[in-house]
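Presented below is the structure to which this report refers.
The values are calculated or read from the model by the stated rules, or taken from the named source; none is laboratory data. Keep in mind it's a predicted model, so treat the numbers as computed, not measured. We place every Cβ from the backbone using ideal geometry, glycine too, and count neighbours over all the protein chains shown. Keep in mind that these areas ignore ligands, DNA and RNA; they rest on the heavy atoms of the full protein, side chains included. Shrake-Rupley method; radii C 1.70, N 1.55, O 1.52, S 1.80 Å.
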Amino acid sequence: MHILVINSGSSSLKYQLIDMADDRVMALGVIERIGEEMGSITQKSNPDKWPDAKSVEHRVIPNHKAAMGLMVDKLIGEDWGVIDSLTDIDAVGHRVVQGGESFSAPVLVDADVVETIRDNIPLAPLHAANLAGIEVALELFPNTPNVTVFDTEFHQTMPPKAYLYPVPMDLYTDLKIRKYGFHGTSHKYVTREAAAFLGKPVGETDLITAHLGNGCSMAAVKRGRCVDTTMGLTPLAGLMMGTRSGDVDPALFPFIAQHRKMSVVEVDTLLNKQSGLLGICGLNDMRDVHAARKRGDEQAQLAFEMFAYRVKARIGAYLAVLGRADAVVFTAGIGENDDAVRAAACEGLEGLGIKLSPERNTTREPGVRRISTDDSPVAVLVVPTNEEMEIAHATQALVEA
Ligand code: ADP
(Lines give C-alpha, C1' and ligand atoms only; values in the text may rest on other atoms or scores of the structure.)
Protein backbone atom coordinates (compact mmCIF):
# COMPACT_ATOMS: atom_id res chain seq x y z
CA MET A 1 0.00 0.00 0.00
CA HIS A 2 1.25 3.50 -0.91
CA ILE A 3 0.01 6.34 1.27
CA LEU A 4 0.38 10.02 0.45
CA VAL A 5 0.58 12.22 3.55
CA ILE A 6 -0.36 15.86 3.03
CA ASN A 7 0.23 18.78 5.37
CA SER A 8 -1.39 21.80 3.81
CA GLY A 9 -0.55 25.19 5.34
CA SER A 10 -1.67 28.68 4.36
CA SER A 11 1.20 29.27 1.93
CA SER A 12 2.94 25.89 1.92
CA LEU A 13 2.22 22.24 1.23
CA LYS A 14 4.38 19.42 2.56
CA TYR A 15 3.98 15.86 1.31
CA GLN A 16 5.42 12.39 1.73
CA LEU A 17 4.68 9.25 -0.21
CA ILE A 18 5.23 6.19 1.97
CA ASP A 19 5.42 2.51 1.03
CA MET A 20 3.66 0.85 3.95
CA ALA A 21 5.23 -2.54 3.24
CA ASP A 22 8.43 -1.40 4.89
CA ASP A 23 7.64 2.15 6.11
CA ARG A 24 9.91 3.45 3.35
CA VAL A 25 9.66 7.09 2.30
CA MET A 26 9.47 6.99 -1.50
CA ALA A 27 9.44 10.75 -1.92
CA LEU A 28 9.10 13.83 0.21
CA GLY A 29 8.59 17.39 -0.84
CA VAL A 30 7.67 20.89 0.13
CA ILE A 31 5.93 23.53 -1.95
CA GLU A 32 6.44 27.02 -0.61
CA ARG A 33 5.13 30.53 -1.12
CA ILE A 34 1.82 29.47 -2.64
CA GLY A 35 -0.07 32.55 -3.82
CA GLU A 36 3.01 34.75 -3.76
CA GLU A 37 4.95 36.33 -6.61
CA MET A 38 7.29 33.37 -6.98
CA GLY A 39 6.92 29.95 -5.41
CA SER A 40 9.02 26.82 -5.32
CA ILE A 41 8.82 23.05 -5.14
CA THR A 42 11.56 20.92 -3.62
CA GLN A 43 11.37 17.13 -3.82
CA LYS A 44 13.63 14.33 -2.68
CA SER A 45 13.02 10.93 -4.24
CA ASN A 46 14.19 7.79 -2.43
CA PRO A 47 15.75 9.95 0.30
CA ASP A 48 17.17 6.92 2.17
CA LYS A 49 19.18 6.03 -0.89
CA TRP A 50 20.08 9.54 -2.06
CA PRO A 51 19.81 11.84 0.97
CA ASP A 52 21.58 14.73 -0.72
CA ALA A 53 19.82 14.63 -4.09
CA LYS A 54 16.89 16.98 -4.56
CA SER A 55 15.00 18.69 -7.31
CA VAL A 56 14.26 22.39 -6.81
CA GLU A 57 12.07 24.36 -9.20
CA HIS A 58 10.88 27.94 -8.99
CA ARG A 59 7.62 29.01 -10.55
CA VAL A 60 4.43 30.88 -9.80
CA ILE A 61 2.02 28.72 -7.79
CA PRO A 62 -1.25 30.66 -7.58
CA ASN A 63 -3.21 28.38 -5.23
CA HIS A 64 -3.40 24.99 -3.51
CA LYS A 65 -4.91 23.36 -6.58
CA ALA A 66 -1.90 24.36 -8.66
CA ALA A 67 0.40 23.24 -5.85
CA MET A 68 -1.12 19.79 -5.74
CA GLY A 69 -1.02 19.50 -9.51
CA LEU A 70 2.68 20.28 -9.36
CA MET A 71 3.18 17.66 -6.65
CA VAL A 72 1.46 15.03 -8.80
CA ASP A 73 3.59 15.95 -11.83
CA LYS A 74 6.71 15.51 -9.74
CA LEU A 75 5.58 12.20 -8.21
CA ILE A 76 4.87 10.62 -11.59
CA GLY A 77 7.26 12.67 -13.73
CA GLU A 78 10.10 11.12 -15.69
CA ASP A 79 13.04 12.58 -13.82
CA TRP A 80 12.04 12.48 -10.17
CA GLY A 81 8.95 10.29 -10.35
CA VAL A 82 8.48 7.31 -8.04
CA ILE A 83 5.08 6.03 -9.29
CA ASP A 84 3.58 5.41 -12.72
CA SER A 85 0.15 6.96 -12.22
CA LEU A 86 -2.19 8.40 -9.64
CA THR A 87 -3.80 5.00 -9.18
CA ASP A 88 -0.57 3.89 -7.49
CA ILE A 89 -1.63 6.02 -4.52
CA ASP A 90 -3.91 3.87 -2.38
CA ALA A 91 -4.91 6.42 0.25
CA VAL A 92 -4.29 10.00 1.24
CA GLY A 93 -3.77 11.05 4.86
CA HIS A 94 -4.27 14.71 5.76
CA ARG A 95 -2.90 16.50 8.78
CA VAL A 96 -5.58 18.75 10.23
CA VAL A 97 -4.59 21.03 13.07
CA GLN A 98 -7.91 21.64 14.80
CA GLY A 99 -10.44 18.85 15.27
CA GLY A 100 -12.26 20.63 18.08
CA GLU A 101 -14.41 18.31 20.19
CA SER A 102 -15.78 16.67 17.06
CA PHE A 103 -12.90 14.33 16.38
CA SER A 104 -11.04 12.07 18.79
CA ALA A 105 -9.86 9.61 16.13
CA PRO A 106 -8.93 9.69 12.43
CA VAL A 107 -11.90 9.67 10.04
CA LEU A 108 -12.59 8.89 6.40
CA VAL A 109 -13.46 12.15 4.65
CA ASP A 110 -16.98 12.58 3.36
CA ALA A 111 -19.19 15.64 2.89
CA ASP A 112 -20.18 15.66 6.60
CA VAL A 113 -16.56 15.57 7.72
CA VAL A 114 -15.70 18.48 5.43
CA GLU A 115 -18.58 20.49 6.92
CA THR A 116 -17.55 19.67 10.49
CA ILE A 117 -13.97 20.75 9.79
CA ARG A 118 -15.39 23.93 8.31
CA ASP A 119 -17.43 24.49 11.49
CA ASN A 120 -14.19 24.33 13.49
CA ILE A 121 -12.43 27.06 11.47
CA PRO A 122 -13.45 29.80 13.95
CA LEU A 123 -11.33 27.95 16.56
CA ALA A 124 -8.23 28.13 14.34
CA PRO A 125 -8.80 30.58 11.48
CA LEU A 126 -5.36 30.14 9.94
CA HIS A 127 -6.04 26.48 9.48
CA ALA A 128 -8.68 26.93 6.83
CA ALA A 129 -5.66 26.00 4.70
CA ASN A 130 -5.95 22.40 5.91
CA LEU A 131 -9.43 22.30 4.48
CA ALA A 132 -8.27 23.79 1.18
CA GLY A 133 -5.81 20.88 0.89
CA ILE A 134 -8.53 18.33 1.59
CA GLU A 135 -10.94 19.81 -0.92
CA VAL A 136 -8.36 19.83 -3.71
CA ALA A 137 -7.31 16.26 -2.86
CA LEU A 138 -10.94 15.10 -3.06
CA GLU A 139 -11.06 16.54 -6.59
CA LEU A 140 -7.71 15.07 -7.60
CA PHE A 141 -8.21 11.66 -5.99
CA PRO A 142 -11.98 11.14 -6.15
CA ASN A 143 -11.79 7.34 -5.96
CA THR A 144 -9.09 7.14 -3.32
CA PRO A 145 -9.87 7.09 0.42
CA ASN A 146 -8.94 10.40 2.06
CA VAL A 147 -8.39 10.30 5.81
CA THR A 148 -7.96 13.18 8.25
CA VAL A 149 -5.74 12.95 11.30
CA PHE A 150 -6.11 15.77 13.83
CA ASP A 151 -3.40 17.44 15.92
CA THR A 152 -5.92 17.76 18.75
CA GLU A 153 -7.06 14.11 18.73
CA PHE A 154 -4.63 12.70 21.27
CA HIS A 155 -5.57 15.38 23.80
CA GLN A 156 -9.31 14.69 23.67
CA THR A 157 -8.90 12.30 26.63
CA MET A 158 -8.12 15.19 29.02
CA PRO A 159 -10.63 15.46 31.89
CA PRO A 160 -12.73 18.67 32.21
CA LYS A 161 -10.72 19.81 35.25
CA ALA A 162 -7.69 19.99 32.93
CA TYR A 163 -9.26 21.30 29.73
CA LEU A 164 -11.65 23.92 31.10
CA TYR A 165 -10.51 27.47 31.83
CA PRO A 166 -11.79 29.04 35.04
CA VAL A 167 -13.89 31.61 33.17
CA PRO A 168 -17.71 31.95 32.84
CA MET A 169 -19.07 28.59 31.69
CA ASP A 170 -20.99 30.09 28.77
CA LEU A 171 -17.68 30.86 27.07
CA TYR A 172 -17.27 27.10 26.82
CA THR A 173 -20.87 26.22 26.02
CA ASP A 174 -21.35 29.04 23.48
CA LEU A 175 -17.89 29.56 21.99
CA LYS A 176 -16.21 26.19 22.68
CA ILE A 177 -13.41 28.01 24.51
CA ARG A 178 -11.30 25.33 26.23
CA LYS A 179 -7.86 23.80 26.09
CA TYR A 180 -7.47 21.62 22.97
CA GLY A 181 -3.70 21.17 22.77
CA PHE A 182 -1.67 20.57 19.60
CA HIS A 183 1.23 18.37 18.35
CA GLY A 184 -1.01 15.44 19.33
CA THR A 185 0.23 13.26 16.48
CA SER A 186 3.78 13.68 17.74
CA HIS A 187 2.91 13.10 21.42
CA LYS A 188 0.99 9.97 20.42
CA TYR A 189 3.79 8.63 18.23
CA VAL A 190 6.52 9.10 20.85
CA THR A 191 4.24 7.64 23.55
CA ARG A 192 3.98 4.39 21.60
CA GLU A 193 7.67 4.35 20.73
CA ALA A 194 8.70 5.03 24.34
CA ALA A 195 6.42 2.30 25.70
CA ALA A 196 7.86 -0.18 23.18
CA PHE A 197 11.40 0.83 24.16
CA LEU A 198 10.58 0.37 27.85
CA GLY A 199 8.97 -3.01 27.07
CA LYS A 200 5.61 -2.02 28.57
CA PRO A 201 2.08 -2.04 27.11
CA VAL A 202 1.12 1.53 26.13
CA GLY A 203 -1.94 1.24 28.36
CA GLU A 204 0.27 0.75 31.41
CA THR A 205 2.81 3.48 30.64
CA ASP A 206 2.94 6.89 32.36
CA LEU A 207 4.99 9.54 30.54
CA ILE A 208 5.83 13.20 30.38
CA THR A 209 6.41 13.98 26.70
CA ALA A 210 8.19 17.18 25.61
CA HIS A 211 7.93 18.17 21.93
CA LEU A 212 10.48 20.97 21.64
CA GLY A 213 10.72 22.31 18.08
CA ASN A 214 9.86 25.72 16.66
CA GLY A 215 6.58 25.23 18.46
CA CYS A 216 6.87 23.56 21.86
CA SER A 217 4.42 21.61 23.96
CA MET A 218 4.41 19.01 26.69
CA ALA A 219 1.88 16.36 27.65
CA ALA A 220 1.15 14.34 30.77
CA VAL A 221 0.30 10.81 29.66
CA LYS A 222 -1.39 8.44 32.14
CA ARG A 223 -1.69 4.81 31.06
CA GLY A 224 -1.07 5.84 27.46
CA ARG A 225 -3.76 8.54 27.44
CA CYS A 226 -3.21 12.28 27.54
CA VAL A 227 -4.47 13.85 30.79
CA ASP A 228 -2.99 17.32 30.34
CA THR A 229 -1.01 19.38 27.85
CA THR A 230 0.54 22.83 27.72
CA MET A 231 -0.94 24.36 24.56
CA GLY A 232 -4.48 25.61 24.87
CA LEU A 233 -7.28 27.02 22.74
CA THR A 234 -4.42 28.12 20.49
CA PRO A 235 -0.75 27.10 20.18
CA LEU A 236 0.31 30.30 21.98
CA ALA A 237 -0.08 28.78 25.44
CA GLY A 238 2.38 26.89 27.64
CA LEU A 239 6.11 26.71 27.07
CA MET A 240 8.36 29.47 25.73
CA MET A 241 8.96 28.88 22.00
CA GLY A 242 10.99 30.22 19.09
CA THR A 243 8.78 33.26 18.57
CA ARG A 244 5.80 32.59 20.89
CA SER A 245 5.71 33.77 24.48
CA GLY A 246 3.92 30.75 25.91
CA ASP A 247 2.09 31.43 29.20
CA VAL A 248 2.03 35.04 30.34
CA ASP A 249 -0.27 36.96 32.64
CA PRO A 250 -3.38 37.32 30.42
CA ALA A 251 -3.67 40.91 31.66
CA LEU A 252 -0.63 41.63 29.48
CA PHE A 253 -3.07 41.85 26.59
CA PRO A 254 -4.97 44.98 27.69
CA PHE A 255 -1.83 46.43 29.29
CA ILE A 256 0.24 46.24 26.09
CA ALA A 257 -2.71 47.39 23.98
CA GLN A 258 -3.17 50.45 26.16
CA HIS A 259 0.47 51.45 26.64
CA ARG A 260 1.66 50.69 23.10
CA LYS A 261 -1.60 51.83 21.47
CA MET A 262 -1.95 48.50 19.72
CA SER A 263 -5.02 46.65 18.48
CA VAL A 264 -5.93 43.20 19.78
CA VAL A 265 -4.64 41.70 16.53
CA GLU A 266 -1.33 43.54 16.89
CA VAL A 267 -0.84 42.31 20.45
CA ASP A 268 -1.69 38.79 19.32
CA THR A 269 0.98 39.07 16.60
CA LEU A 270 3.51 40.45 19.09
CA LEU A 271 3.01 37.48 21.42
CA ASN A 272 2.99 34.91 18.59
CA LYS A 273 5.67 36.24 16.26
CA GLN A 274 7.97 38.60 18.14
CA SER A 275 8.28 36.92 21.52
CA GLY A 276 9.83 33.71 22.90
CA LEU A 277 13.56 33.25 22.20
CA LEU A 278 13.33 35.96 19.52
CA GLY A 279 11.85 38.50 21.92
CA ILE A 280 14.51 37.97 24.56
CA CYS A 281 17.67 37.73 22.42
CA GLY A 282 16.73 38.54 18.83
CA LEU A 283 17.26 34.95 17.63
CA ASN A 284 14.53 32.34 17.22
CA ASP A 285 16.59 29.29 16.20
CA MET A 286 18.06 27.48 19.21
CA ARG A 287 21.26 26.69 17.27
CA ASP A 288 21.83 30.41 16.77
CA VAL A 289 21.08 31.02 20.45
CA HIS A 290 23.86 28.58 21.40
CA ALA A 291 26.30 30.18 18.98
CA ALA A 292 25.57 33.58 20.53
CA ARG A 293 25.93 32.18 24.08
CA LYS A 294 29.35 30.86 23.15
CA ARG A 295 30.32 34.38 22.05
CA GLY A 296 29.31 35.63 25.50
CA ASP A 297 25.96 37.14 24.50
CA GLU A 298 24.17 37.60 27.83
CA GLN A 299 20.69 37.95 26.34
CA ALA A 300 21.15 34.64 24.50
CA GLN A 301 22.21 33.03 27.78
CA LEU A 302 19.10 34.43 29.45
CA ALA A 303 16.84 33.21 26.63
CA PHE A 304 18.32 29.72 26.93
CA GLU A 305 17.85 29.68 30.71
CA MET A 306 14.28 30.93 30.47
CA PHE A 307 13.46 28.27 27.88
CA ALA A 308 14.88 25.37 29.91
CA TYR A 309 13.42 26.70 33.18
CA ARG A 310 9.91 26.53 31.76
CA VAL A 311 10.39 22.95 30.60
CA LYS A 312 11.71 22.00 34.04
CA ALA A 313 8.79 23.65 35.84
CA ARG A 314 6.38 21.69 33.69
CA ILE A 315 8.18 18.40 34.32
CA GLY A 316 7.60 19.03 38.03
CA ALA A 317 3.96 19.95 37.50
CA TYR A 318 3.26 16.89 35.40
CA LEU A 319 5.01 14.56 37.83
CA ALA A 320 2.54 15.87 40.41
CA VAL A 321 -0.37 15.38 37.98
CA LEU A 322 0.68 11.80 37.23
CA GLY A 323 1.85 10.81 40.72
CA ARG A 324 4.55 8.70 39.07
CA ALA A 325 6.19 8.41 35.66
CA ASP A 326 8.01 5.72 33.71
CA ALA A 327 9.88 8.29 31.65
CA VAL A 328 10.37 11.86 30.53
CA VAL A 329 10.55 11.87 26.73
CA PHE A 330 12.30 14.54 24.66
CA THR A 331 11.45 14.91 20.96
CA ALA A 332 11.46 17.29 17.92
CA GLY A 333 14.30 19.55 16.70
CA ILE A 334 15.47 20.79 20.09
CA GLY A 335 14.35 17.79 22.16
CA GLU A 336 16.17 15.32 19.92
CA ASN A 337 19.35 17.29 19.29
CA ASP A 338 20.00 19.73 22.08
CA ASP A 339 21.81 18.15 25.02
CA ALA A 340 22.26 21.53 26.71
CA VAL A 341 18.53 22.18 26.90
CA ARG A 342 17.88 18.62 28.12
CA ALA A 343 20.58 18.92 30.79
CA ALA A 344 19.32 22.30 32.01
CA ALA A 345 15.70 21.10 32.07
CA CYS A 346 16.60 18.01 34.16
CA GLU A 347 19.19 19.68 36.38
CA GLY A 348 18.47 19.32 40.09
CA LEU A 349 15.56 16.92 39.61
CA GLU A 350 17.31 13.97 41.32
CA GLY A 351 14.99 14.47 44.31
CA LEU A 352 12.07 13.80 41.95
CA GLY A 353 13.70 10.63 40.65
CA ILE A 354 15.19 12.06 37.45
CA LYS A 355 18.92 11.41 37.07
CA LEU A 356 20.44 12.33 33.73
CA SER A 357 23.65 10.63 32.60
CA PRO A 358 25.93 13.40 31.23
CA GLU A 359 27.75 10.87 28.99
CA ARG A 360 24.58 9.38 27.51
CA ASN A 361 23.01 12.81 27.12
CA THR A 362 25.88 14.09 24.99
CA THR A 363 26.40 10.93 22.93
CA ARG A 364 24.63 11.15 19.58
CA GLU A 365 22.98 7.99 18.29
CA PRO A 366 20.11 7.48 15.90
CA GLY A 367 16.81 6.05 17.12
CA VAL A 368 15.27 5.83 20.57
CA ARG A 369 17.78 6.04 23.42
CA ARG A 370 17.98 6.29 27.18
CA ILE A 371 19.92 9.28 28.50
CA SER A 372 19.27 8.71 32.22
CA THR A 373 21.49 6.67 34.53
CA ASP A 374 20.62 3.00 35.04
CA ASP A 375 19.47 3.70 38.61
CA SER A 376 17.28 6.68 37.70
CA PRO A 377 13.76 5.83 38.98
CA VAL A 378 12.27 7.83 36.10
CA ALA A 379 13.91 7.10 32.74
CA VAL A 380 14.78 9.98 30.44
CA LEU A 381 14.48 9.11 26.75
CA VAL A 382 15.19 10.77 23.42
CA VAL A 383 12.60 9.59 20.90
CA PRO A 384 12.77 10.95 17.33
CA THR A 385 9.28 11.96 16.29
CA ASN A 386 7.73 11.14 12.91
CA GLU A 387 4.35 12.74 12.46
CA GLU A 388 4.05 11.74 8.80
CA MET A 389 4.59 8.06 9.65
CA GLU A 390 2.00 8.31 12.43
CA ILE A 391 -0.51 9.82 9.96
CA ALA A 392 0.32 7.14 7.38
CA HIS A 393 -0.21 4.34 9.90
CA ALA A 394 -3.46 5.85 11.17
CA THR A 395 -4.64 6.19 7.56
CA GLN A 396 -3.71 2.61 6.74
CA ALA A 397 -5.47 1.28 9.85
CA LEU A 398 -8.67 3.12 9.00
CA VAL A 399 -8.64 2.15 5.31
CA GLU A 400 -7.99 -1.50 6.12
CA ALA A 401 -10.75 -1.52 8.74
P1 ADP B 1 9.00 22.32 13.76
O2 ADP B 1 8.26 22.63 15.01
O3 ADP B 1 8.93 23.41 12.74
O4 ADP B 1 8.73 20.94 13.20
P5 ADP B 1 11.61 21.28 14.42
O6 ADP B 1 11.10 20.12 15.19
O7 ADP B 1 12.30 21.03 13.15
O8 ADP B 1 10.49 22.37 14.21
O9 ADP B 1 12.58 22.10 15.40
C10 ADP B 1 13.17 23.30 15.04
C11 ADP B 1 14.05 23.75 16.20
O12 ADP B 1 14.98 22.71 16.46
C13 ADP B 1 14.85 25.01 15.92
O14 ADP B 1 14.79 25.88 17.04
C15 ADP B 1 16.26 24.48 15.76
O16 ADP B 1 17.19 25.38 16.24
C17 ADP B 1 16.24 23.27 16.64
N18 ADP B 1 17.33 22.35 16.24
C19 ADP B 1 17.41 21.62 15.12
N20 ADP B 1 18.59 20.94 15.09
C21 ADP B 1 19.24 21.26 16.24
C22 ADP B 1 20.48 20.90 16.81
N23 ADP B 1 21.31 20.07 16.19
N24 ADP B 1 20.80 21.43 18.01
C25 ADP B 1 19.98 22.27 18.64
N26 ADP B 1 18.79 22.65 18.16
C27 ADP B 1 18.42 22.15 16.98
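Treat every Asp and Glu Cβ in the chain as -1 and every Lys and Arg Cβ as +1, leave all other atoms uncharged, and give the resulting dipole magnitude about the Cα centre to the nearest 20 debye.
Using only the charged Cβ atoms, the result is roughly 1220 debye.
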Taking the reciprocal of mean 1/r across every pair of different Cα atoms in the chain, the Kirkwood radius in Å is 22.3 Å
Can you pull the three principal axis extents for the Cα set of the range 62-122, in Å, largest first?
-> 44, 27, 18
Taking H placed 1.01 Å from N in the peptide plane, check which residues at least 5 places from residue 147 or on another chain put their amide H under 5 Å from its amide H.
-> 92, 93, 94, 109
Quick one: dipole size for the range 36-138, taken about the Cα centre, charges +1 on Lys/Arg Cβ and -1 on Asp/Glu Cβ, in debye to the nearest 20.
-> 280 debye
Which FRET efficiency value, to the nearest 0.05, do you get for residue 263 and residue 174 by plugging their Cβ-Cβ distance into 1/(1 + (r/R0)^6) with R0 = 30 Å?
-> 0.80
Rel. contact order, % - alpha carbon contacts under 8 angstrom, at least six apart, the range 35-102 = 26 percent
Only helices counted: for the chain, with every DSSP H run of 4 or more residues adding -39500 (n - 2.57) and the sum spread over all residues, [θ] at 222 nm is -11500 deg cm²/dmol
Packing-ranked peptide list from 174-184, 81-91, highest mean Cβ count within 10 angstrom first, is 174-184, 81-91
Any number yet on Rg/Rh for the range 2-150, C-alpha, Kirkwood?
-> 0.96
On a C-alpha basis, how far is the centre of the range 1-80 from the centre of the range 207-279 in Å? Whole number, if you could?
-> 31 Å
Calculate, in nm to one decimal, what residue 10 and residue 350 gain on full extension: separation in residues at 0.36 nm each, minus their alpha carbon distance.
-> 118.0 nm
Rg (one decimal) and Dmax (whole number) from the Cα set of the range 246-308, in Å, equal 13.5, 38
Between residue 19 and residue 313, how many nm apart are label points set 7 Å from Cα along the C-beta direction?
-> 4.9 nm
Share of accessible surface on carbon and sulfur in the range 201-282, whole %, 1.4 Å probe and ligands ignored, is 58 percent
For the range 184-387, whose charge dipole is built from +1 on Lys and Arg Cβ atoms and -1 on Asp and Glu Cβ atoms, the candidate among 289, 306, 256 with its Cα farthest towards the positive end is 256
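Which of rounded, prolate or oblate describes the range 155-289 when judged by the alpha-carbon gyration tensor and an a/c cut-off of 1.5? Kindly include the intermediate steps, with their values, before the conclusion.
Working: a/c = 3.49, a/b = 1.43, b/c = 2.44.
Taking the square roots of the gyration eigenvalues as a ≥ b ≥ c, the range 155-289 is oblate.
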In nm, to one decimal, how far is the modelled label at residue 200 from the one at residue 58, with both set 7 Å along Cα→Cβ?
-> 5.2 nm
For the pair residue 143 and residue 287, the simple spin-label estimate (label points 7 Å beyond Cα toward Cβ) gives in nm 4.5 nm
Take the alpha carbon atoms of the range 335-401, find their center, do the same for the range 115-147, and report the distance between the two centers in whole angstrom.
-> 33 Å
